[in-house]
Each structure stands twice: as structure tokens, then as C-alpha cells.
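One structure is given below, encoded as C-alpha cells.
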Amino acid sequence: MTKSNTPANLPFTLLGDFESRMSNQNRSDIVTDYYRTTFNHRQFSAGLDLLTQTHSMSGLDNAGLIITGTSGVGKTRLVNTYIKNTYKQACYQPTDVLTPLPVLMFKVPGRPTIPRMIESLLINCEHLVPNARRSSSSEKRLHQLITQQGVEMIVFDEFQHLLPQNASRLVANATMNFIKTLVSDYKLAFCLTGLPELSQTLNGFDEMRERLTCGELSLNAFNLDTVDELKDFNSFINAILKKIESSGINCTSLYKPHMDREHLLLRLLVATQGNARRISTLFSRAIKPLKTGDALTNKALAQTYEENAYLNKGSLFNPLSAEKKTLEEKIAEAKITQQSKQETQRGKK
């Protein structure tokens, strides 16, 4: 369930990648190694499979995929992992005459226009001549990049930036047509990633929707609603604890003998809302002061939660230290509130 993210020899910078900031001497090797590890799970594996299938359709028409999810569920980590795995393959290694660029990823600008889209892509691939501002020059460079370096798939991240509040209908029309023409002319596979509202950007763009033949994946936060989801969350947490224990830190005291495993999972789920980034933050901050031979305790997790504003959002309730009865009451209240919201939304429809 874990995979070490040893740095791939990439010819460009990945969005949100941690490797470029690994040289901090004030950070322990334990924390650095933790961050370099990808913790796989069912949805993550499904995403890697879909990206593989989409990439394999390069050279054909209409090879598009959508990946959506709320902030922190692992969209960028998923795509980065796929890209790193791709560039490790023997067929994509640089030669004396060619540096292959099979998969590219770039962020759609906050105020998208065609020139800004092209420049953002070229800059991320380190392919833009400084001070080259003319659109025609950028378009020529993009053509050279795609044709001469074997581009097969492009990932358009933060695609929700094309929503009406970020881009006018005129700009969205032009940008959509540009992307449609780009992937069609060069027979590129492509992936659109972003927040759940991303799908709204495609309203009225039927020709674009018709090109998304490789499916849609919604990455969700973990929950314990079904047996399968409980198993998935348990496997994810177990992989994290095993990784931490491989650094010489004892984690068994977290749930033995005073707390059963399911109770620990429940506390972690409430504290992190099942969000992968929050889970990672909780454990990375908790192990930061520890060294080989130390133990990770519930007290350390609870203190980390209490001291981290990103995790607790100012709440005085601490799921990691609360009495079991109080925790269950809070969960029941949350379920009632959620059910009420859902009924209100159904009523509006």
C-alpha cells in the first residue's frame, strides 16, 4: 500500500511536488522520508489505472478524462505519481538526440486566456524564451514542443478556473475551442483535473464533453459508511503507521490495549474529516519532534491537533482526546445536521 517517491529524472517541474524543497537541513530524515512516500488506496489505484488507460489512447481521437475532488483529497499527488512512474520507464529515457516529454501537466491560469494558457504550459516545461510575449512565437514553440519531443498526453490542472466567475463566456469559448483543437490536431490524450464544480465548465460545450470518453473519477474523502470503506481507510492508516514504524518509531501504543482499532479510526476520521492532506499533516507534525526509539502516542496526536489551526479550525472540541461518549454524541449531531442539509437541498430541487 505504500510506494516510495524516489525522485524521477524529470525534465520539468511537477506542480505541488515536494522534491524540490527536500534540502531543508532543519527537517528530520524521518519526516522527509514520510513525505516521499505515497500511501496508496482503492481510489488512488483506480485513478492510476484510468490515467494509464487514457494515456494508452494517445494517437486516437477523443481520449479525455476528468478527475475531480475537493481540496486535499490527493488529485495532484495522483497525477504526479503517474507522471513520475511514466518517466521512469525505459522507453522514455533521454537519448543523445531527444528528451521525451510524454506527459505534461500545467495549471490553468486564474484568469485564463489562450496566450496565458500557452505560456503557462511552456514555462512549466521550461520551454519559453525569456521576454517572448508574442502569441505567434509561443504557439510556434508549443508546436515544436509537441511534435519534436513526443508529447502524448497533457493534464490541465485547476480547470475550474474556466467557470463564469473566473472567465467571461467569450474567453471560456475561445479557450475551450483552443483546447479542443489542440488535442484533436495532435491526437493527444488529455486529463482535466480540479474541484467538483469543474464539470460545470463544460455546460454548453458538447463537443468537449464528447471527447471525454475515458471516464470520470471523483476522489472523495474517506468515510466509514460501508464495510469496504472501513477496510480502505484502515489499510490507508495501517500503511502510514507501518511507514512510521519502519523509521524506528513505535506506533503500537496508539490503539493497544486501551483503544481498539475501529475506535482509533473513528477518532482519526472525525479529526481529519477523512481528508488525505489533513491526515498527512496530522501525522507529519506529530512525528516531527520524534527520533528513532521514541513512541507515537495518542497524547502526541491530540496535542498536534490542538496546536494546529489548519486541523482544528479554531474548534475547542478535540476528537483525539475527547471521551468516547462525547465523541459519539458529536458524530450523531453531525449526521443529523448533514441529513438536514441534504433534505433542504432536495427541497430546493
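The values are calculated or read from the model by the stated rules, or taken from the named source; none is laboratory data. Computed from a prediction, not measured in an experiment: that's the story for all the values here. Backbone-built Cβ (ideal geometry, glycine too); neighbour counts: all protein chains shown. Protein only, heavy atoms only, side chains kept; ligands, DNA and RNA dropped before computing areas. Shrake-Rupley method; radii C 1.70, N 1.55, O 1.52, S 1.80 Å.
Being open to solvent by 60 Å² or more (accessible area, probe 1.4 Å) and not charged (D, E, K, R) is the filter; apply it to the range 134-150 and report the residue that is farthest from Met208 (Cα to Cα).
The first filter runs over the range 134-150 and keeps only residues open to solvent by 60 Å² or more (accessible area, probe 1.4 Å), leaving 134, 136, 139-141, 143-144, 147-148.
Checking the rest, the ones that are also not charged (D, E, K, R) come to 136, 143-144, 147-148.
Details: Ser136: 24, His143: 21, Gln144: 25, Thr147: 23, Gln148: 26 Å.
Among those that are open to solvent by 60 Å² or more (accessible area, probe 1.4 Å) and not charged (D, E, K, R), it is Gln148.
Name the one entry in Lys330, Lys313, Lys324, Lys299 that is among the basic types (Lys, Arg) and either loosely packed, with under 11 Cβ neighbours inside 10 Å or at pLDDT 95 or above (or both).
The unique qualifying residue is Lys313.
Residue by residue, here is whether (1) in contact with a Lys or Arg (Cβ under 7 Å, 6 or more places away or on another chain); (2) surrounded by 17 or more Cβ atoms within 10 Å (Cβ to Cβ); (3) within 30 Å of Leu101 (Cβ to Cβ); (4) not acidic (Asp, Glu) holds:
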| residue | (1), (2), (3), (4) |
| --- | --- |
| Lys187 | no, no, yes, yes |
| Ser199 | no, yes, yes, yes |
| Glu216 | no, no, yes, no |
| Leu230 | no, yes, no, yes |
| Phe236 | no, yes, no, yes |
| Ala276 | no, yes, yes, yes |
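Which pairs do you get when a residue that is among the acidic types (Asp, Glu), found in the range 317-331, comes within reach of a residue that is surrounded by 13 or more Cβ atoms within 10 Å (Cβ to Cβ) and in a helix (DSSP H, G or I), reach meaning Cβ atoms under 6 angstrom, with the pair 6+ apart or on two chains?
From residues that are among the acidic types (Asp, Glu), there are no pairs.
Would you list the strands (runs of 3 or more DSSP E) that sit entirely within the range 28-118 and hold 1 or more residues that are open to solvent by less than 30 Å² (accessible area, probe 1.4 Å) and touching a Gly at 6+ places or on another chain (Cβ under 7 Å)?
64-69
Can you tell me how many residues within the range 151-170 are in contact (Cβ under 8 Å) with a residue 60 or more places away in the chain and open to solvent by 40 Å² or more (accessible area, probe 1.4 Å)?
The total comes to 1.
Answer with yes or no whether Gly194 is under 26 Å from Ile154 (Cα atoms), surrounded by fewer than 14 Cβ atoms within 10 Å (Cβ to Cβ) and not acidic (Asp, Glu).
No: the conditions fail for Gly194.
Quick one: how many residues across the range 133-180 are in contact with a strand residue (DSSP E or B) (Cβ under 8 Å, 6 or more places away or on another chain) and polar (S, T, N, Q)?
Adding up the residues that qualify gives 1.
Scan the range 246-267 for residues that are of a type in the set (Ser, Thr, Tyr) and either in a helix (DSSP H, G or I) or modelled with pLDDT of 85 or more (or both) and jot them down.
Residues satisfying the conditions are Ser246, Ser247, Thr252, Ser253.
Which of the residues spanning the range 278-332 are within 17 Å of Ile240 (Cα to Cα) and acidic (Asp, Glu)?
Asp294
Scan the range 190-245 for residues that are modelled with pLDDT of 90 or more and in a loop (DSSP other than H, G, I, E, B) and jot them down.
Leu195, Glu210, Arg211, Thr213, Cys214, Gly215, Asn220, Ala221, Phe222
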